[in-house]
Amino acid sequence: MAGRIRVASFEGKMVYITGGSSGIGLATARLLVREGADVVIFARGRERLEAALAEMEKERRREGQRLAWKQLDVTDHQQVVRVMEEAVREFGAPDILINCAGRAYPNYFENITYEQFDETMKVHAYGAWNTVSTLYPRMKVRGGYIVNTSSVLGFMGIFGYTDYAASKFAVVGFSEALRGEARRHGIGVSVLCPPDTDTPGFAVENLTKPPETRAISEGGGLLRPEEVAEALLRGMRRGSFIIGPGSAGMLYRVKRFFPWLVDLFSERAIRKAARGKSG
Ligand SMILES: NC(=O)c1ccc[n+]([C@@H]2O[C@H](COP(=O)([O-])OP(=O)(O)OC[C@H]3O[C@@H](n4cnc5c(N)ncnc54)[C@H](OP(=O)(O)O)[C@@H]3O)[C@@H](O)[C@H]2O)c1
């Protein structure tokens with residue numbers, strides 16, 4: 001489609017990935033290394049960053065390919081500015097920025113504290129804002145690509161995810177508005193909306209999931225993080241705005257054109273789960 005910015009090749013591109021030490025972020029980092037990109041990953045925990053780098057090294061395509069990690073908490077604006085400026089000095093500005101840091105603690109609305117809501121917004125909405133606003137002036141110089149990770153919960157609010165859906169809708173809104181502006185500078189913007197994906201983060205998510213939430217996602221299948229990473233690269237090659245791996249693309253269209261179908265399906269699953277609880 002006209003006006004779309006696409007990534008023709010990943011070879012030799014400098015890619016920054018937040019949340020690159022685990023799950024979808026790590027699978028994306030490994031795939032990009034295999035494609036010949038230089039990749040720097042960012043996350044809080046040092047041990048997982050070191051282990052992730054060892055995984056990335058196995059995919060190395062050439063000598064001189066730059067693979068590295070930096071410790072970063074995306075919720076801390078001042079830290080993001082400091083660490084990203086350090087990274088730009090060390091590795092150069094990114095051609096591609098992928099914001100993948102995140103987590104989910106689903107629960108009934110009345111069990112979600114203000115502190116949890118605050119942290120959820122900080123990781124997803126402020127996290128994306130913090131890295132993009134810091135790196136955007138650098139990326140404007142020669143163009144590039146930005147991917148923010150949302151979720152299917154970024155276009156449909158589902159039982160058990162009041163804080164998470166609010167933050168992931170914010171990521172979609174931010175990305176959509178940014179896409180129009182960034183195009184003028186040769187920067188493409190996509191939003192990755194994965195469905196349930198088998199990652200360490202998903203295992204944690206399952207610990208607090210209410211039965212109604214389980215009933216809704218039951219039968220929806222579980223993607224491998226590698227499948228999400230492949231869809232992500234395909235989406236950047238096409239310059240798509242919404243990148244919906246697996247069933248997410250179809251869910252996006254159903255929600256958009258037949259929202260009542262989603263409500264009907266959710267209502268049924270919630271009633272079934274309630275019968276299970278009382279029986
Ligand atoms: N898995 C799914 O089913 C699914 C579905 C839809 C969307 N998503 C989204 O996809 C993204 C990746 O999820 P995942 O399942 O791959 O999770 P994961 O396996 O738990 O990986 C999350 C990554 O984010 C990092 N992270 C978390 N909080 C951070 C912070 N404040 N600052 C910097 N890094 C932080 C983690 O490292 P540290 O903890 O060491 O910082 C880790 O590298 C998230 O945005 C998630 O919401 C996942």
Checklist line | Within a Gaussian network of the chain (alpha carbon springs, distance under 10 Å), most fluctuating of Glu110, Glu50, Glu35 | finding: Glu110
Item checked: Most fluctuating residue given options Phe155, Phe117, Phe258, as computed from a GNM of the chain linking Cα atoms under 10 Å -> Phe258
Note to self: Give me the three principal axis extents of region 14-278 from the C-alpha atoms, as integers in angstrom, largest value leading.
What the structure shows: 61, 39, 35
Item checked: Whole-Hz couplings from phi, Karplus 6.51/-1.76/1.60, listed for region 5-12; x for Gly and Pro -> 9, 10, 9, 6, 8, 9, 4, x
Checklist line | Spin-label proximity, Arg214 to region 158-175 - amide N less than 20 Å from point 7 Å beyond Cα toward beta carbon | finding: 158-162
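For a test of understanding, tell me how many lysine pairs in the chain have Cα atoms under 16 Å apart, given they are 8 or more places apart or on different chains.
5
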Note to self: So if I take the centroid of the Cα atoms in region 66-123 and the same for region 29-49, what is the distance between those two points in Å?
What the structure shows: 15 Å
Checklist line | Modelled FRET efficiency - R0 45 Å, Glu47 with Lys140, Cβ distances, 0.05 increments | finding: 0.80
Notebook entry, point to check: Residue-wise, which Karplus ³J(HN,Hα) couplings in Hz belong to region 105-114, taking 6.51 cos²θ - 1.76 cosθ + 1.60, θ = phi - 60°, and x for glycine or proline?
Noted result: 10, x, 5, 5, 3, 5, 9, 8, 7, 4
Check: With the contact rule set at Cα under 8 Å and sequence spacing of 6 or more, what percent relative contact order holds for region 121-279?
Finding: 24 percent
Margin query: Contact order normalised by length for region 14-278, with contacts defined as Cα pairs under 8 Å and 6 or more residues apart; what percent is it?
Written below: 18 percent
Notebook entry, point to check: Label-point separation (nm) for Met250 and Ala54, each offset 7 Å from Cα along Cα-to-Cβ?
Noted result: 4.0 nm
Check: Among Ala54, Ala165, Ala68, which one moves the most in a GNM of the chain with springs linking Cα atoms closer than 10 Å?
Finding: Ala54
Checklist line | Calculated [θ] (222 nm, deg cm²/dmol) that DSSP helices of n ≥ 4 give over the chain, each run adding -39,500 (n - 2.57) | finding: -16000 deg cm²/dmol
Checklist line | Relative contact order computed over region 40-184 (Cα-Cα under 8 Å; 6+ residues apart), in percent | finding: 24 percent
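A short reminder: the numbers here are calculations on the coordinates, not readings from a lab. As the structure is a prediction and not an experimental result, all values here were calculated from the model. Here the Cβ is made from the backbone with ideal geometry for all residues, glycine too, and neighbour counts use every protein chain on show.
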